[in-house]
Amino acid sequence: MIRRQPLAAIGLALLIVFVACAVFAPWLAPWDPAQLDLTGRLMGPSWAHWFGTDQLGRDILSRTLFGARISLVVAVSVVGLSLAVGLVAGGLAGFYGGWTDTVVNIYVTNAFLALPGILLAIAFVAFMGPGLGNVILALAISGWVGYARLVRAQVMAVKEREFVEAARALGATDLRIMTRHILPNILQPLIVQAAIGMAGAVLAEATLSFLGLGVPPPTASWGSMLNDARSHLFDSPHLVFFPAMAVMLCVLSFNFIGDALRDYLDPRTRMSAGL
């Protein structure tokens, strides 16, 4: 797949870099990300500070490295929690149908879709207060609906196939049918959706942090770094450039991987591309 799709290789390489930065940030960061140095504020990139310093003299490279931790933790946690809730809700609605499908698909999911996801997340964090846990919960609350609808559609298509009917005729329980026969056959679109969903989670976390609703200071976050750099956009553009590039490249890496997985896991696309 990687040889045939260079964008997948680029996305995977970028993701490996970000994961390495997040895991080894304490050893890679040349300075303490929260260390203040008012005598060296707003310095441009130099040998001492490769990415320069911010308005409080903090090293931007160190803060960018530690910001990768927040973004990746939020991305993995939000997608994992949203996928778990979506699997349960969508699986029940698609498998049993009837009033269960009506309640989950018509009333609950439509109620969540009536509000834009980012506005729902902003309202939740504004009510509960900023913090990493609240950000993850807010984004998961607004993000599980898409997974639920995808799971529901896939379960409704798979449950009518012959191997599911055979398992039911042999006396298999509903739980066994779901976990052993249906779930393995709907994983492909879920994997693609999860990869693309991580890109959206990184962008949403940066948005909340930019609005002051993310992790509280002095914790480094790409969104809060962009917020702090607004008043120095023209006199110190490096304050904006490096965290913005980090957000852009991280989102691109997940999108490239998601697109590559979609093309690779879709049999029709593989046949047309000769993969």
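The values are calculated or read from the model by the stated rules, or taken from the named source; none is laboratory data. The structure displayed is predicted, hence computed values, not measured ones. Quick reminder, even Gly has a Cβ in these numbers, built from the backbone with ideal geometry, and neighbours come from all protein chains shown.
Details
- Those helices (runs of 4 or more DSSP H) lying entirely in segment 127-224 with at least 1 residues basic (Lys, Arg) and either touching a strand residue (DSSP E or B) at 6+ places or on another chain (Cβ under 6 Å) or in contact (Cβ under 8 Å) with a residue 12 or more places away in the chain (or both): 132-158
- Of the candidates LEU233, LEU226, the single residue that is modelled with pLDDT of 90 or more and over 30 Å from ASN185 (Cβ atoms) is LEU226.
- Within segment 232-249, the set of residues being free of Cβ contacts under 8 Å to residues at least 24 places away in the same chain and either in contact with a helix residue (DSSP H, G or I) (Cβ under 8 Å, 6 or more places away or on another chain) or in a helix (DSSP H, G or I) (or both) comprises LEU233, VAL240, PHE241, ALA244, MET245, MET248.
- Yes/no for ALA13 being modelled with pLDDT under 90 and more than 17 Å from PHE241 (Cα to Cα): no
- Filtering segment 88-116 to residues that are polar (S, T, N, Q), out of contact with any helix residue (DSSP H, G or I) (no Cβ under 7 Å at 6 or more places or on another chain) and modelled with pLDDT under 85 leaves only ASN110.
- Residue that is farthest from GLY90 (Cα to Cα) [pool: residues in segment 156-182 that are among the basic types (Lys, Arg) and surrounded by 15 or more Cβ atoms within 10 Å (Cβ to Cβ)]: ARG168
- Selected residue (criterion: nearest to ALA201 (Cα to Cα)) from residues of segment 22-74 that are among the hydroxyl-bearing types (Ser, Thr, Tyr) and within 29 Å of the chain's Cα centre (by Cα): SER71
- Residue identified as surrounded by 14 or more Cβ atoms within 10 Å (Cβ to Cβ), without any contact (Cβ under 8 Å) to a residue 12 or more places away in the chain and either of a type in the set (Gly, Ala, Ser) or within 24 Å of LEU252 (Cα to Cα) (or both) among ALA34, ALA22, ALA9: ALA9
- Within this structure, SER77 fails the test of being of a type in the set (S, T, N, Q), under 26 Å from the mean Cα position of the chain (by Cα) and over 30 Å from ASN185 (Cα atoms).
- The single condition from (1) out of contact with any Asp or Glu (no Cβ under 9 Å at 6 or more places or on another chain); (2) over 27 Å from ARG262 (Cα atoms) that ALA29 fails is (1).
- With respect to (1) surrounded by 14 or more Cβ atoms within 10 Å (Cβ to Cβ); (2) closer than 22 Å to VAL202 by Cα, the lone exception for ARG152 is condition (2).
- Any hit, segment 52-72, residues being out of contact with any Gly (no Cβ under 9 Å at 6 or more places or on another chain) and among the acidic types (Asp, Glu): yes
- Residue within segment 128-137 that is within 15 Å of GLY86 (Cα to Cα) and under 17 Å from the mean Cα position of the chain (by Cα) present: yes
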